[in-house]
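One structure is given below, encoded as structure tokens.
Values in this text are rule-based calculations from the coordinates and carry no lab data. Since the structure is predicted, the reported quantities are computational estimates derived from the model, not experimental observations. Positions of Cβ are backbone-derived with ideal geometry, glycine not excepted, and every protein chain shown enters the neighbour counts.
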């Protein structure tokens, strides 16, 4: 079976987000912002998985568009957590490029799928 790059990357990213959530709640005792990034960061892969198993092209586009929006939201939470010192620069610089990469791949998939006849 052929590897699905975005499925693999979004799942690996979700694992890192779960670890980040555990760290923030355990060491920083922050529960609101951390819950937000947990939800958006893990939702990316869930929507990618749903899109891969979509019942129609329209359903595929819809699920991937949701994944794109969740990716954008995750970027926002990473920026906010970094600027408010809930995550350090090293953690931010490790996760942010991965989040950007996932966002770009999903955006490209949405765009190319919409352009196909």
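Out of every Cα-Cα pair that the chain contains, those further apart than 26 angstrom amount to 21 percent. Roughly what angle does helix 32-52 make with the longest principal axis of the chain, taking Cα atoms, 0 to 90 degrees, to the nearest 10? So the helix axis and the longest Cα principal axis differ by about 20 degrees.
Of the residues 102, 110, the one with the fewest other Cβ atoms within 10 Å heads the list, and the complete ranking is 110, 102. Between 0 and 90 degrees, the angle of helix 57-83 with respect to the longest Cα principal axis of the chain falls at about 20 degrees. Helix 89-115 axis versus longest C-alpha principal axis of the chain: approximately 20°, rounded to the nearest ten.
Each part reduced to its alpha carbon centroid, the stretch 41-80 and the stretch 96-112 end up 10 Å apart. Across the stretch 5-110, the mean sequence separation of Cα contacts (distance under 8 Å, 6 or more residues apart), normalised by length, yields a relative contact order of 29 percent.
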